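Q: Pasting in a structure now, in structure tokens, and then I'll have a few things to ask.
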């Protein structure tokens, strides 16, 4: 006779729902399915041709140490190599100021663990990254939403949120945002930096996509404009390999970094030493600089194919973002369109996407939106998938 141990679950588990996107991805893996759903890098961009060399170099340089316990803050050679790497994103930090996380998700969980108490206000974009909501939810936050438009988060809305709700922190994905693909303009970054500093607020700048720029000019990080008020995070998942689970964080000066280390110690002691060593060699050897243009050249035609197909096959009363990089674009439909019904019909035609409602802190939001991913299918396949969606519309 089985004993039901779910009676032992802590109350916080009530807010730990399974990821809707993960469930959608299970469906998207069905044979013959074209998935526009996941935020998945194309396997062709993984550096398979040099992995054996990287591994050999790790063994030659560090031997058994690469398989040993290591510092919670992170493998020192990786943190040293990350100093120059982070300058790509206009983030200035010393080796001691950089910490390593188990992907961006590990950092987000640690932030929730040390900063969020039940009922605490947390300010997020509307819409926002679903994975951040999942990381924060178990700690019982009360979300307040920052209004957005085609240029990203609206500074005036942020100002009002900070005045009215006094959130513990503000969470933004300012560059090629997940889910919309939008990028916060330089003018708005400056305005948001000024607002954050004036209110003495903390901003979490989640920046996993900035390296994936296919056209247009690079925009400096908000961290560079308000270094004492921004906790900056990025990841190697999109430019090396997501399975290695290696991310970087630069907290603002003070004790916040110390608390993040304490939180990480209780979770995993440290990120995989071997993964960090591989990333260190990848950076130090200049391999990332060599491969990044190839990765962008691989994705750029896919984005253009999707945009051209939407222009051809979607009706004129629909609107969508036109990102200059990243992995996603965002579509909005007129009143009266049932996105969930359309999603079910799309699956029957072997096309998967993500209904936009899952990216809103307020469950009532996003009923007329969808997120589309373009990185994991060939241009011709993307065109046919968009044509199918156009027919369903």
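Q: Tell me, which residue of the range 32-50 that is touching a residue at least 12 places away in the same chain (Cβ under 8 Å) and farther than 30 Å from residue 345 by Cβ is surrounded by the most Cβ atoms within 10 Å (Cβ to Cβ)?
A: Filtering first and then ranking leaves 45.
Condition check ((1) touching a strand residue (DSSP E or B) at 6+ places or on another chain (Cβ under 7 Å); (2) at pLDDT below 80; (3) part of a loop (DSSP other than H, G, I, E, B)) across all residues:
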site: 1; (1), (2), (3): no, yes, yes
site: 14; (1), (2), (3): no, yes, no
site: 23; (1), (2), (3): no, yes, no
site: 26; (1), (2), (3): no, yes, no
site: 30; (1), (2), (3): no, yes, yes
site: 38; (1), (2), (3): yes, no, yes
site: 41; (1), (2), (3): no, no, yes
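Q: Please go through (1) in a helix (DSSP H, G or I); (2) touching a strand residue (DSSP E or B) at 6+ places or on another chain (Cβ under 6 Å) for residue 331 and return the number of the only condition it doesn't satisfy.
A: (1) is the only condition that residue 331 fails.
Q: Can you tell me which of (1) on the phi > 0 side of the Ramachandran plot; (2) touching a strand residue (DSSP E or B) at 6+ places or on another chain (Cβ under 7 Å) is the one residue 318 doesn't meet?
A: (1)
Q: State the number of residues belonging to the range 81-103 that are surrounded by fewer than 24 Cβ atoms within 10 Å (Cβ to Cβ), out of contact with any helix residue (DSSP H, G or I) (no Cβ under 7 Å at 6 or more places or on another chain) and within 25 Å of residue 168 (Cα to Cα).
A: 3
Residue-by-condition table, conditions (1) over 22 Å from the mean Cα position of the chain (by Cα); (2) outside the structural domain of residue 387 (by TED's automatic domain parsing):
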{"site": "32", "(1), (2)": "yes, no"}
{"site": "59", "(1), (2)": "yes, yes"}
{"site": "66", "(1), (2)": "yes, yes"}
{"site": "112", "(1), (2)": "no, yes"}
{"site": "115", "(1), (2)": "no, yes"}
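Q: Also: Residue by residue through the range 117-143, note down the ones that are within 16 Å of the chain's Cα centre (by Cα) and either part of a strand (DSSP E or B) or without any contact (Cβ under 8 Å) to a residue 12 or more places away in the chain (or both). Give the derivation first.
A: Within the range 117-143, the first condition is being within 16 Å of the chain's Cα centre (by Cα), and the residues that meet it are 124-136.
Listed by number, the residues that qualify are 124, 125.
Q: Another one. Scan the range 60-77 and tell me whether some residue there is touching a strand residue (DSSP E or B) at 6+ places or on another chain (Cβ under 6 Å), under 19 Å from residue 288 (Cα atoms) and outside any loop (DSSP other than H, G, I, E, B).
A: So far as the range 60-77 goes, no, none of its residues is touching a strand residue (DSSP E or B) at 6+ places or on another chain (Cβ under 6 Å), under 19 Å from residue 288 (Cα atoms) and outside any loop (DSSP other than H, G, I, E, B).
Q: So, residue 257, is that one assigned by TED's automatic domain parsing to the domain that holds residue 96, surrounded by fewer than 24 Cβ atoms within 10 Å (Cβ to Cβ) and modelled with pLDDT under 95 or not? Show your work before the answer.
A: Working: assigned by TED's automatic domain parsing to the domain that holds residue 96: yes; surrounded by fewer than 24 Cβ atoms within 10 Å (Cβ to Cβ): yes; modelled with pLDDT under 95: no.
No.
Q: Also, quick follow-up: Could you tell me whether any residue of the range 335-345 is buried (at least 16 other Cβ atoms within 10 Å of the Cβ) and either in the same structural domain as residue 64 (by TED's automatic domain parsing) or assigned to a strand (DSSP E or B) (or both)?
A: no
Q: Going through the range 167-183 one residue at a time, which ones are within 20 Å of the chain's Cα centre (by Cα) and more than 23 Å from residue 40 (Cα to Cα)?
A: From the range 167-183, those within 20 Å of the chain's Cα centre (by Cα) are 169-183; that's our starting set.
Within the range 167-183, 169, 170 qualify.
Q: Let me ask something additional. Could you list all residues from the range 145-169 that are crowded, with 22+ Cβ neighbours inside 10 Å and within 25 Å of residue 354 (Cα to Cα)?
A: 146, 152, 153
Q: Considering each residue of the range 300-316, count those that are in contact with a helix residue (DSSP H, G or I) (Cβ under 7 Å, 6 or more places away or on another chain) and free of Cβ contacts under 8 Å to residues at least 12 places away in the same chain, and give that number. Steps first, please.
A: Of the residues in the range 300-316, the ones in contact with a helix residue (DSSP H, G or I) (Cβ under 7 Å, 6 or more places away or on another chain) are 301-302, 305-306, 309-310, 313-314.
Filter again for free of Cβ contacts under 8 Å to residues at least 12 places away in the same chain, leaving none.
Residues that pass the stated criteria total 0.
Q: Quick one: which residue in 204, 197 is more than 19 Å from residue 83 (Cα to Cα), part of a strand (DSSP E or B) and either modelled with pLDDT of 95 or more or outside the structural domain of residue 177 (by TED's automatic domain parsing) (or both)? Talk me through it step by step, then tell me what you get.
A: Working: 197 fails: part of a strand (DSSP E or B).
None of the other options fit; the residue is 204.
Q: Sticking with this structure for a sec: Can you tell me how many residues in the range 371-393 are touching a strand residue (DSSP E or B) at 6+ places or on another chain (Cβ under 8 Å), modelled with pLDDT of 95 or more and outside any helix (DSSP H, G or I)?
A: Looking only at that region, the number is 4.
The values are calculated or read from the model by the stated rules, or taken from the named source; none is laboratory data. What you are looking at is a predicted structure, and each value in this text was computed from that prediction instead of being measured. Ideal geometry is used to build each Cβ from the backbone, glycine not excepted, and the neighbour counts take in all protein chains shown.
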